[in-house]
Amino acid sequence: QVQLVESGGGLVQPGGSLRLSCAASGSIFSINTMGWYRQAPGKQRELVAGITSGGSTNYADFVKGRFTISRDNGKNTVFLQMNSLKPEDTAVYYCNMKEYGMSYWGKGTLVTVSS
């Protein structure tokens, strides 16, 4: 089993920045993919960004140029640096890990972008 704990959410004004962190613990293999998803009220959960254990990244079009995903393999932690935040970025952000056919989720952290 893998446990994922997110942190770093909160209230920020439009144009501001936040940095989310996700710490993984438990039975973690060296090869995995970690990512961030988000779910806004009344909408489906969607992929924001992903990163492999080798460092390859992918981003949703709506965050390209604004968000950066990174990871510290030694600490089993993934980060999401969010800049130029918009009101439409308001959502619960979930951390995800995929390894060997299994998918694990954190409980989420709320990001609210509002003036």
Inset, instruction - Just one of (1) outside any strand (DSSP E or B); (2) among the charged types (D, E, K, R); (3) over 21 Å from residue 42 (Cβ atoms) trips up residue 107, so point out which. - result: (3)
Inset, instruction - State yes or no: is residue 115 open to solvent by 30 Å² or more (accessible area, probe 1.4 Å), touching a residue at least 40 places away in the same chain (Cβ under 8 Å), out of contact with any helix residue (DSSP H, G or I) (no Cβ under 6 Å at 6 or more places or on another chain) and part of a strand (DSSP E or B)? - result: no
Legend entry - One residue from 50, 101, 15, 54 being modelled with pLDDT of 95 or more and either in contact with a Gly (Cβ under 6 Å, 6 or more places away or on another chain) or over 26 Å from residue 114 (Cβ atoms) (or both): 50
Legend entry - Top-ranked residue of the stretch 53-69 - restricted to ones that are of a type in the set (Gly, Ala, Ser) and open to solvent by less than 50 Å² (accessible area, probe 1.4 Å), ranked as nearest to residue 98 (Cα to Cα): 53
Legend entry - Failed criterion for residue 98 (all others in (1) out of contact with any Ser or Thr (no Cβ under 6 Å at 6 or more places or on another chain); (2) assigned to a strand (DSSP E or B) hold): (1)
Inset, instruction - Sort out which residues of the stretch 36-75 are farther than 19 Å from residue 88 by Cβ, among the basic types (Lys, Arg) and not in a strand (DSSP E or B), and write them in order of number. - result: 75
Legend entry - Residue tally, condition open to solvent by 60 Å² or more (accessible area, probe 1.4 Å), more than 11 Å from residue 37 (Cβ to Cβ), in contact with a strand residue (DSSP E or B) (Cβ under 9 Å, 6 or more places away or on another chain) and among the aromatic types (Phe, Trp, Tyr), over the stretch 70-107: 0
Inset, instruction - Out of 96, 76, report the one residue that is farther than 17 Å from residue 17 by Cα and under 13 Å from the mean Cα position of the chain (by Cα). - result: 96
Inset, instruction - For residue 5, state whether it is at pLDDT 95 or above, within 13 Å of residue 93 (Cβ to Cβ), open to solvent by 70 Å² or more (accessible area, probe 1.4 Å) and of a type outside the set (Lys, Arg). - result: yes
Inset, instruction - Of all residues in the stretch 17-34, count the ones that are open to solvent by less than 60 Å² (accessible area, probe 1.4 Å) and over 17 Å from the mean Cα position of the chain (by Cα). - result: 2
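The values are calculated or read from the model by the stated rules, or taken from the named source; none is laboratory data. From a predicted model like this one, the values you see are computed outputs, not experimental measurements. A quick note on method: Cβ atoms are made from the backbone with ideal geometry, for glycine too, and the neighbour counts reach across all protein chains shown. Heavy atoms of the whole protein, side chains included, go into the accessibility calculation; ligands, DNA and RNA do not. Shrake-Rupley method; radii C 1.70, N 1.55, O 1.52, S 1.80 Å.
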